[in-house]
Amino acid sequence: MTDVPAQPKAHARGRFQFLFGLTLLALLLLLWGILAFSTQSFWTTNNLSNLLRQGSMTAILAIGQTFVIITAGIDLSVGAIVGFTSVVAAMLLQAGFPIWAACLITLAIGVGIGLFHGFGIVKLGLPPFIITLATLTSLRGIGLLMTNGATISITNDEFTAFSRADFLGIPSLFWMVILVAIPAFLFLHHSRWGRYLFSVGSNPEAARLSGVHVPRMIYLAYTLSALCAAFVGLLLAARIGIGNATQAEGWELQAIASSVIGGTSLFGAVGSVHGPLLGAFILATINNGANLLNVNSFWQRIITGGLIIVIVYFDQLRRRGRS
């Protein structure tokens with residue numbers, strides 16, 4: 001496989017992502033400042049820890065989703081994968097598997113789901129929307145069949161204690177975001193594989209003629225997305241101490257929204273790692289602040305939808321300006 005030459009506008013794209021990231025950071029800090037003055041309970045240790053825990057799992061899902069969206073695809077199954085893998089982890093722990101084995105098996109199942117998505121797209125020619133939507137529905141059903149619709153309690157205190165622990169005063173769940181984000185950043189922005197993903201999203205045929213194995217990159221993107229979702233399934237199971245196939249319903253939309261708000265283009269070839277992270281915590285801050293201010297939860301969805309419309313609209317304007 002030959003290396004893909006840097007695209008002519010790669011530097012401009014990187015500069016745009018950097019400036020956009022600074023804008024998102026400023027918006028996040030502005031929201032924190034407004035909430036700090038609007039409510040006395042926002043800037044408390046308990047609330048900030050809760051905010052970090054709320055945003056952490058969405059942030060990890062958003063990173064995985066970003067790999068897929070950069071290739072001009074979509075993964076609607078990540079919420080269902082979270083719920084399904086929480087069931088798998090709970091059942092394995094209940095059966096007496098050691099924590100490390102339960103975690104490895106659960107993550108391996110996530111990899112298998114991602115490879116299945118790649119197979120459906122590459123070999124069967126199914127649209128990403130269809131194959132991942134089918135997986136969303138199927139995994140919910142399989143999980144409910146496995147548990148007979150019941151909830152599986154996790155009695156392994158060592159496993160559940162992790163989610164409540166802190167390190168240097170920061171929740172362990174947030175450290176998991178760092179654990180995922182650093183290699184994801186290096187992969188996407190400082191490796192040839194990352195350049196291949198961008199090239200596939202920009203023009204698959206041109207990428208193929210440049211020597212990129214396009215099907216392999218599709219497999220890789222969807223595998224990384226499903227792996228991140230399986231990892232979140234483990235974290236969620238540890239946080240709430242149960243396995244339930246109906247958990248994380250709607251989280252796929254939160255992940256997509258975080259990625260889009262973070263500057264990832266739904267048309268492909270544009271995205272970053274830091275943008276979706278900031279997008280996830282902006283959404284978490286909005287939801288947290290709305291709860292503290294006793295704002296109707298329906299408004300949270302309206303605000304999220306409005307943000308997506310605005311971001312996608314300006315993305316279209318930017319694309320027209322470049323064309």
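Being in a helix (DSSP H, G or I) and either touching a Pro at 6+ places or on another chain (Cβ under 8 Å) or surrounded by fewer than 24 Cβ atoms within 10 Å (Cβ to Cβ) (or both) is the filter here, so list the residues in the range 262-281 that pass it. First the steps, then the outcome.
Initially, the range 262-281 is screened for residues in a helix (DSSP H, G or I), giving 274-281.
Across the range 262-281, the qualifying residue is only H274.
Based on this model, can you work out whether A284 counts as outside any loop (DSSP other than H, G, I, E, B) and at pLDDT below 95?
Values: outside any loop (DSSP other than H, G, I, E, B): yes; at pLDDT below 95: yes.
Yes: the conditions hold for A284.
Condition first: of a type in the set (A, V, I, L, M) and crowded, with 19+ Cβ neighbours inside 10 Å. Now tell me which residues in the range 194-213 satisfy that. Spell out the reasoning first.
Applying the first criterion (of a type in the set (A, V, I, L, M)) to the range 194-213 yields 197, 200, 206-207, 209, 212.
Of everything in the range 194-213, those that are of a type in the set (A, V, I, L, M) and crowded, with 19+ Cβ neighbours inside 10 Å turn out to be L197, V200, A207, V212.
Does A257 meet the test of being free of Cβ contacts under 8 Å to residues at least 60 places away in the same chain and buried (at least 19 other Cβ atoms within 10 Å of the Cβ)?
Values: free of Cβ contacts under 8 Å to residues at least 60 places away in the same chain: yes; buried (at least 19 other Cβ atoms within 10 Å of the Cβ): yes.
Judged against the criteria, A257 is a match.
Taking the range 152-166 as the search range and keeping residues that are over 23 Å from the mean Cα position of the chain (by Cα) and crowded, with 16+ Cβ neighbours inside 10 Å, which one is farthest from A238 (Cα to Cα)?
Just the residues of the range 152-166 that are over 23 Å from the mean Cα position of the chain (by Cα), to begin with: 152-158, 161.
Subsequent filtering for residues that are crowded, with 16+ Cβ neighbours inside 10 Å retains 152, 154, 156.
On the way: I152: 12, I154: 8, N156: 9 Å.
Restricting to residues being over 23 Å from the mean Cα position of the chain (by Cα) and crowded, with 16+ Cβ neighbours inside 10 Å, the top hit is I152.
In the range 282-292, what residues are of a type in the set (A, V, I, L, M) and surrounded by fewer than 21 Cβ atoms within 10 Å (Cβ to Cβ)?
I286, A290, L292
Just to be sure I understand, how many residues within the range 1-34 are open to solvent by 80 Å² or more (accessible area, probe 1.4 Å) and either among the aromatic types (F, W, Y) or modelled with pLDDT of 90 or more (or both)?
Total meeting the criteria: 4.
Restricting the range 167-190 to residues that are of a type outside the set (A, V, I, L, M), touching a residue at least 60 places away in the same chain (Cβ under 8 Å) and assigned to a helix (DSSP H, G or I), which is surrounded by the most Cβ atoms within 10 Å (Cβ to Cβ)?
F174
Restricting attention to the range 48-59, which residues are farther than 13 Å from G262 by Cα and touching a residue at least 60 places away in the same chain (Cβ under 8 Å)?
Here is the first cut: in the range 48-59, the residues farther than 13 Å from G262 by Cα are 48-57.
Correct list: S49, N50, L51, L52, R53, Q54, G55, S56, M57.
Residues of the range 127-140 being touching a residue at least 60 places away in the same chain (Cβ under 8 Å) and open to solvent by 30 Å² or more (accessible area, probe 1.4 Å), which ones?
If the condition is that a residue be touching a residue at least 60 places away in the same chain (Cβ under 8 Å) and open to solvent by 30 Å² or more (accessible area, probe 1.4 Å), then P128, L136, R140 are the ones that fit.
Got a sec? Which of V295, V312, V232, V273 is out of contact with any His (no Cβ under 6 Å at 6 or more places or on another chain), touching a residue at least 24 places away in the same chain (Cβ under 8 Å) and more than 25 Å from G114 (Cβ to Cβ)? It would help to see each step written out before you state the result.
Values: V295 fails: touching a residue at least 24 places away in the same chain (Cβ under 8 Å); V232 fails: more than 25 Å from G114 (Cβ to Cβ); V273 fails: more than 25 Å from G114 (Cβ to Cβ).
Exactly one residue qualifies, and that residue is V312.
Can you name every residue in the range 237-247 that is open to solvent by 10 Å² or more (accessible area, probe 1.4 Å) and either within 20 Å of S77 (Cβ to Cβ) or within 14 Å of the chain's Cα centre (by Cα) (or both)?
Taking the range 237-247 first, the residues open to solvent by 10 Å² or more (accessible area, probe 1.4 Å) are 239-242, 244, 246-247.
N244, T246, Q247, listed by residue number.
Select, from G110, G96, G64, G120, the only residue that is without any contact (Cβ under 8 Å) to a residue 60 or more places away in the chain and open to solvent by less than 10 Å² (accessible area, probe 1.4 Å). So that I can check it myself, show each step before the final result.
Working: G110 fails: without any contact (Cβ under 8 Å) to a residue 60 or more places away in the chain; G96 fails: open to solvent by less than 10 Å² (accessible area, probe 1.4 Å); G64 fails: without any contact (Cβ under 8 Å) to a residue 60 or more places away in the chain.
Exactly one of G110, G96, G64, G120 is without any contact (Cβ under 8 Å) to a residue 60 or more places away in the chain and open to solvent by less than 10 Å² (accessible area, probe 1.4 Å), namely G120.
The values are calculated or read from the model by the stated rules, or taken from the named source; none is laboratory data. Just so we're clear, the structure is a prediction, and the values are computed from it rather than from any experiment. Cβ sites come from the backbone with ideal geometry, for glycine too, and all protein chains shown count toward neighbours. Areas reflect the complete protein model, heavy atoms only, side chains present, ligands, DNA and RNA absent. Shrake-Rupley method; radii C 1.70, N 1.55, O 1.52, S 1.80 Å.
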